[in-house]
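The values are calculated or read from the model by the stated rules, or taken from the named source; none is laboratory data. Being a predicted model, the structure only gives us computed values, none of them experimental. Quick reminder, even Gly has a Cβ in these numbers, built from the backbone with ideal geometry, and neighbours come from all protein chains shown. Surface accessibility is based on the protein's heavy atoms, side chains included, excluding ligands, DNA and RNA. Shrake-Rupley method; radii C 1.70, N 1.55, O 1.52, S 1.80 Å.
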Amino acid sequence: MSIVTRFAPSPTGYLHLGHAHAALFAHGRAREAGGRFLLRLEDIDPGRCRPEYADAILDDLAWLGLTWDGPVRVQSHHLPEYAAALDRLAARGLLYPCFCTRADIMREISLSAGAPHAPDGTPVYPGLCRGLSEDERQSRIAAGTPYALRLDMAAATAAAPHPLHFEEAGAQHRCRPERFGDVVLARKDAPASYHLCVTHDDAVQGITLVTRGEDLRPATDLHRLLQALLGWPAPCYAHHPLLTDASGRRLAKRDGVATLRDLRASGVTPAEVWQQAEKGRRGAPPLDPAGARRPQTP
Ligand code: GLU
């Protein structure tokens, strides 16, 4: 079977060395196997994504010398497909509307000592809206109260084969999606969530090897559950280490890490970025746009 990988950035800012590493990792795994490398823009969050970042991503990847096969998939162009997937889950009674505000949830959580947290660090939803009657739901919807759609995790895990596993490096890993609780699959302010869209798109794009940072490994449990519920194939996974700065902190936009644009403007070449992305994986300090920390060539 031919390998199909993808790079799936969210256009919420400019790419930095961490993204370059992720893109090169996915690209490399496809190209070394004579497979296909696809590009997807995960722009489902209207509040955070900007078209200028999407354009800049394509430009930066081309500058790096990456080529992708076929058209770029842009999630915001496919909203009816995500709605159809949500409808299928709803028809099986696996979704419910949640009218809670963040404050409602936090208040409830503060009342219960030792409230559980999901593997991504967020508090598990305490289930306030799970038990609302159908009449109550309909009257709140009719009154225009904004709502999200949550997966009823207990019903979902009962409806899927158990236990589920995902495959990574030839080994089977047992999934425990229940640790996430009733996750949001359609937000109040966005028509579908990351978890739904990424799983849907990996299926429709025929991705056979999902490569991404190891911070997303726990989410894979949830993605396997959605794949099982919706009858989508199970790709293999390769979670790579995240690049860190000199103090061991993960490279992040919010810390003002140098973007590929900054590096390019300061005369850094794509070959140096490739090299640094590879070295960075082993803990080397990232390139600095001002050149101050740029490795000196002997
Ligand atoms: N859009 C996600 C991100 O930028 C990547 C998701 C994935 O690779 O599964 O973090």
Subject >> Identity of the residue in the stretch 168-198, crowded, with 16+ Cβ neighbours inside 10 Å and part of a strand (DSSP E or B), that ends up nearest to the ligand (Cβ to nearest atom) >> reply: GLU168
**OP:** Would you check if there is a residue in the stretch 27-38 being open to solvent by less than 40 Å² (accessible area, probe 1.4 Å) and near the ligand (Cβ under 10 Å from one of its atoms)?
**Re:** no
**OP:** Give me a count of the residues in the stretch 230-258 that are among the aliphatic types (A, V, I, L, M) and outside any loop (DSSP other than H, G, I, E, B).
**Re:** 2
**OP:** Identify all residues within the stretch 83-100 that are open to solvent by 20 Å² or more (accessible area, probe 1.4 Å) and out of contact with any Lys or Arg (no Cβ under 9 Å at 6 or more places or on another chain); write none if there are none.
**Re:** ALA83, ALA84, ASP87, ARG88, ALA90, ALA91, ARG92, GLY93
Original post:
Taking ALA62 and the conditions (1) closer than 21 Å to GLY181 by Cβ; (2) not in a loop (DSSP other than H, G, I, E, B), which numbered condition does it fall short on, given that it satisfies the others?
Top reply: (1)
Subject >> Odd one out for LEU209, checked against (1) away from the ligand (no atom under 11 Å from the Cβ); (2) in contact (Cβ under 8 Å) with a residue 12 or more places away in the chain; (3) within 18 Å of LEU64 (Cβ to Cβ) >> reply: (3)
Subject >> Condition met for ALA56 (within 12 Å of the ligand (Cβ to nearest atom) and either part of a helix (DSSP H, G or I) or touching a Pro at 6+ places or on another chain (Cβ under 8 Å) (or both)) >> reply: no
Original post:
Which members of the stretch 12-26 meet the condition of being part of a loop (DSSP other than H, G, I, E, B) and near the ligand (Cβ under 9 Å from one of its atoms)?
Top reply: THR12
**OP:** Starting from the stretch 254-265, take each residue that is among the hydroxyl-bearing types (Ser, Thr, Tyr) and list its partners that are at pLDDT 85 or above, counting only C-beta distances under 8 angstrom and pairs at least six apart or across chains.
**Re:** THR259/GLY13; THR259/TYR14; THR259/LEU15; THR259/HIS16
Subject >> Selection from the stretch 199-215 of residues that are at pLDDT 95 or above, part of a helix (DSSP H, G or I) and open to solvent by 30 Å² or more (accessible area, probe 1.4 Å) >> reply: VAL204
